[in-house]
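Peer 1: Let me begin by handing over the structure; questions about it come next.
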């Protein structure tokens, strides 16, 4: 029902959607005797021939396509967009249409204005990220998709906050939590003192951007174990914060499920427990090797326990006479 309503709203505008225009331009690029293509021999899991981009898009949507291949193909296409200009920029938009359509559909269902304007913002956010996105990091398309989502969500928030006529069926209302992109959620947690900026950077870098925690720890002059522990403590606070904030969350919000997947707590690798060589079984029935002196038992409840090592509880301030403090054995 929601998809039919969405399609009806798009047709009711009487003008083509920017995403429809991108689809038509992409179709022109991949038809004819010399379609725009990519050499599949350079990428694992692709045929050893030149592949038209529409076929390439279908292959990359399959689950069995390696993520490394997706990232390498997208890195190549973004670089071509920067170097060659319009043709490869349209190619990038056409390759990303399935992701952009999903973003536009979800936002348009909540958008009170003309959905064509919203589609324009989504496409503009995607195209605006092409010149600046870091193609050396993994999940290039995912980060481009989030750039499109942020632009569309900003337009949605602005439309909801705008004053409406009294006779209008729409009203101004704050969006339901978690309020968009995970980066925005982390920023809000910092503003409310749930996380520090360093903790937010640690979670965002190692969970969302898949930066190895060892690399993050090296950059911040921290041991790997300390980084694991810091992330674990921070994530516990963040999860508790999100549980409180998402009580009224929209169950259809894809960001809520994304956060649940990305912020799953992971425990640091277990390390073997080393037994202290100072505490032995001497005096507790264990054997004593020849040539060794029998040492006093180290015990919290023994006769020689206590803060001063001489048994009993810690003396009061009045009884601490320097000349009468018993010497430790």
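Peer 1: From the list 83, 72, 55, which one is assigned to a helix (DSSP H, G or I) and loosely packed, with under 12 Cβ neighbours inside 10 Å?
Peer 2: Exactly one of 83, 72, 55 is assigned to a helix (DSSP H, G or I) and loosely packed, with under 12 Cβ neighbours inside 10 Å, namely 83.
Peer 1: Sort out which residues of the range 86-109 are closer than 17 Å to residue 24 by Cα and either not in a helix (DSSP H, G or I) or not assigned by TED's automatic domain parsing to the domain that holds residue 19 (or both), and write them in order of number.
Peer 2: Result: 96, single match.
Every residue, every condition in (1) under 20 Å from residue 85 (Cα atoms); (2) surrounded by 14 or more Cβ atoms within 10 Å (Cβ to Cβ); (3) without any contact (Cβ under 8 Å) to a residue 24 or more places away in the chain, yes or no:
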| site | (1), (2), (3) |
| --- | --- |
| 126 | yes, yes, no |
| 132 | yes, no, yes |
| 135 | yes, yes, no |
| 138 | no, yes, no |
| 142 | no, yes, yes |
| 146 | no, yes, no |
| 153 | no, yes, no |
| 161 | no, no, yes |
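Peer 1: If residue 216 meets every condition in (1) over 25 Å from residue 104 (Cβ atoms); (2) modelled with pLDDT under 85; (3) crowded, with 18+ Cβ neighbours inside 10 Å apart from one, which number is that one?
Peer 2: (2)
Peer 1: Also: Restricting to the range 110-137, name every residue that is assigned to a loop (DSSP other than H, G, I, E, B) and either modelled with pLDDT of 90 or more or outside the structural domain of residue 57 (by TED's automatic domain parsing) (or both).
Peer 2: 130, 131, 132, 133, 134, 135, 136, 137
Peer 1: Being buried (at least 18 other Cβ atoms within 10 Å of the Cβ) and modelled with pLDDT of 80 or more narrows it down to one of 242, 208, 195, so name that one.
Peer 2: 195
Peer 1: Only one of these is in contact with a helix residue (DSSP H, G or I) (Cβ under 9 Å, 6 or more places away or on another chain), more than 22 Å from residue 239 (Cα to Cα) and modelled with pLDDT under 85: 173, 167. Name it.
Peer 2: One residue alone meets the criteria, 173.
The values are calculated or read from the model by the stated rules, or taken from the named source; none is laboratory data. Please read these numbers as outputs of a predicted model, since none were measured by experiment. Backbone-built Cβ (ideal geometry, glycine too); neighbour counts: all protein chains shown.
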